[in-house]
Amino acid sequence: MLIAAAVCPHPPVLFPEVAQGAAAELDPLRAACDRAVALLVKSGADRLHVVGRGDSERRHGSDAGGDLTAYGVDVRVGPAPGVLGLAATVGRRLAERAGTVPDGYLELPADTTPERAAELGRELAGEAERVALLVMGDGSARRDEHSPGYVDERAVPYDDAVADALARADAPYLAGLTADTARELMVAGRPAWQVLAGATEGAPFEGETIAYEAPYGVGYLVATWIGNDLDGVEAPGTQLRE
């Protein structure tokens, strides 16, 4: 059963080694991620899974590691060889910063259907009595002239709506996101967010969006979901909101 989740972005610039001279301007975003992942550690979950985008649908165990050689830096996260994609690699680094190591990783391709994502979410939630998810996913990369993609006027409203849905723990809204629109807006997080929606299995959660910004023209969202039966664990509190 899912008891808690944290949603974080996965840009390589979350690593100071990649951001270099621009590292300090992302300190608030890193701090928000740290606070969100700390909630998962406090939850006392039996299993912690990282969910994020990958080249194909793949599952990895706790001994899987990744690296950032594709981004021009010699940074390794976990043991060699680096089999994890970027999202899972960032997730492992965030978990390690919180003092833990994930029990497993689920990578999903961009064309994962909402139905398949929901099915996988239910499977993950059913793996233990108390399951926590670290859900890695960026918003639209077509927000403004600084974005990696051409500007699309739908991008900012799309991210705004996702931020609101995360704040309300609105699983049905996330489940209803379409693969076509996400692809058009270059939204990397859609499959992972829909795994989260499926993992709730209709149970109520308390949500909070604690960070929402777009320093490089890509929507970066940090949020937490806490199950109603999770006593003694409080949300990290709002840090910043665009």
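General remarks:
- Segment 121-203 - percent relative contact order, Cα under 8 Å, separation 6 or more: 43 percent
- DSSP-defined beta bridges in the chain - what % are antiparallel, rounded to 5: 55 percent
- The stretch between residue 206 and residue 145, if pulled fully straight at 0.36 nm per residue, gains 18.5 nm over its current Cα-Cα span.
- Residue 162 - accessible surface, heavy atoms, 1.4 Å probe, Å² rounded to 10: 0 Å²
- Square roots of five times the Cα gyration tensor eigenvalues for segment 94-174, Å: 28, 17, 14
- Rounded D (µm²/s) - segment 71-214, Kirkwood Rh over Cα pairs, Stokes-Einstein at 20 °C, 1.002 mPa s: 132 µm²/s
- Computed over the chain, relative contact order equals 27 percent, with contacts defined as Cα pairs under 8 Å that lie 6+ residues apart.
- To put it simply, the accessible area of segment 114-228 at a 1.4 Å probe is 50 percent carbon and sulfur.
- Compared with the alpha-carbon gap, the fully stretched path from residue 57 to residue 70 is longer by 2.6 nm at 0.36 nm per residue.
- Calculated mean residue ellipticity at 222 nm for the chain: -9500 deg cm²/dmol, from DSSP H runs with n ≥ 4 weighted as -39500 (n - 2.57), summed, divided by the residue count and rounded to 500.
- DSSP bridge orientation in segment 26-147 - percent antiparallel, rounded to nearest 5: 35 percent
- Calculated P(r) of the chain - Cα pairs past 25 Å, %: 33 percent
The values are calculated or read from the model by the stated rules, or taken from the named source; none is laboratory data. On a predicted model such as this, the values are computed, not experimentally measured, just so you know. Only protein heavy atoms, including side chains, enter the accessible area calculation; ligands, DNA and RNA are left aside. Shrake-Rupley method; radii C 1.70, N 1.55, O 1.52, S 1.80 Å.
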